[in-house]
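Engineer: If you scroll down you'll find the structure; I have some questions about it.
Coordinate-derived values only; no laboratory data. Here the structure is a predicted model, which is why all the values come from computation and not from measurement. A quick note on method: Cβ atoms are made from the backbone with ideal geometry, for glycine too, and the neighbour counts reach across all protein chains shown.
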Amino acid sequence: MNTANQYLKAIYLVQRMDDGPAATGRVADSLDVSPASANEMIGKLEERGLAEHEKYKGVSLTEEGITRAENALQTYCILERFLANVLGVEEFRDEAQQLEPVIDETVAERLDTIIDRADECPDCFDAEADACCYLAGTCESGAD
Amino acid sequence: MVAVSVDQRVDSDHQLARLLQIGVVLEEVVEARAYRHYQSLAEEDRDLEADVEALLEEAATESARHRERLEELVDELDAESIPFESVETLVEARYGRTKPEDFDGVLYDQLCNEETAYKFYDDLIDAIEASDAAFSLERDRVLEVLTEIRDEEAEGVEEVTRIMEARE
């Protein structure tokens, strides 16, 4: 997954958790990058029409940005599911984060053919738990 | 949310082994698809689709060879093993869910297989080259194997494209 998509996913999740624009510092923290790096990339996302930044409030994704972020999150979910359910990796969160930058969406789509994901993916992703709620066991109703 | 790294690089034996294992599973998925497609062709219009049949047979053989080469590398790394037998069963069980409906679909699917595998190895090579980590395997050897596999995937893309164009 390229860097821009990782940022889009991070902004999307922070927005979801905070229910509003994402503070740049929160985005930087979640990606373990400096605020300066985050600002620079957010500027690039703005230029591409994927995000809008409002001073003192934070960054919000545009419709196109949200679509791309949801695709990126879906790729991440596939990776987590694949590691947890197919390879039996206990530390699937840490490993998914490490591998995320190297795994392309097209590769994830092929891995997706051998895993089970709910139709609502990626809406079932629990940002606080950093995993699909079915994997984390935090879904409000239903079970895996 | 836990902090993540945005760097596209491979930093440890463990991470390298995991990526190679993903490569093995990817080859397994691709191999199963090519093999199943090959079988479905063999049952139906075998004579009419000789070129497609040859292509899929070769693709399945090549994937098996790639898988073995990757497994050899993984065996030499300090990494926990993964349940490949259950992966094989899973791949077999799930194949039917995404089966293409016709020959053009089969070819297109095979093109996606080859392109996806190419992209995987290309990204992996970049990520290893971007890292200065010391692996318990010789880096040049890993890169040599991955580059050879990647180049064969590129040839596969060309071959499928050639057949698709000839059918148009």
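Engineer: Contact list please: Cβ distance under 9 Å, first residue in the stretch A:31-47 and within 11 Å of chain B (Cβ to nearest Cβ), second residue of a type outside the set (A, V, I, L, M) and loosely packed, with under 14 Cβ neighbours inside 10 Å, pairs at least six apart or on different chains.
Structural biologist: From residues that are within 11 Å of chain B (Cβ to nearest Cβ), the pairs are A:Ala38/A:Gly25.
Engineer: Continuing with the same structure: With respect to B:Ser136, determine if the residue is more than 30 Å from B:Glu168 (Cα to Cα), within 12 Å of chain A (Cβ to nearest Cβ) and among the hydroxyl-bearing types (Ser, Thr, Tyr).
Structural biologist: No.
Engineer: Does B:Ala117 satisfy the condition of being of a type in the set (Gly, Ala, Ser) and surrounded by 14 or more Cβ atoms within 10 Å (Cβ to Cβ)?
Structural biologist: yes
Engineer: Report those helices (runs of 4 or more DSSP H) wholly inside the stretch A:33-112 carrying at least 1 residues which are over 15 Å from the mean Cα position of the chain (by Cα), charged (D, E, K, R) and crowded, with 19+ Cβ neighbours inside 10 Å.
Structural biologist: Passing ranges, in order: A:105-112.
Engineer: Which residues, counting only those in the stretch A:75-106, are free of Cβ contacts under 8 Å to residues at least 12 places away in the same chain, charged (D, E, K, R) and under 19 Å from B:Arg9 (Cα atoms)?
Structural biologist: Answer for the stretch A:75-106, where residues must be free of Cβ contacts under 8 Å to residues at least 12 places away in the same chain, charged (D, E, K, R) and under 19 Å from B:Arg9 (Cα atoms): just A:Asp94.
Listed here are the residues, each with its yes/no results for (1) within 13 Å of the chain's Cα centre (by Cα); (2) closer than 24 Å to B:Glu58 by Cα.
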| residue | (1), (2) |
| --- | --- |
| B:Glu80 | no, no |
| B:Leu90 | no, yes |
| B:Arg94 | no, yes |
| B:Tyr108 | no, yes |
| B:Tyr118 | yes, yes |
| B:Ile125 | no, no |
| B:Ile128 | no, no |
| B:Asp132 | no, no |
| B:Glu159 | no, yes |
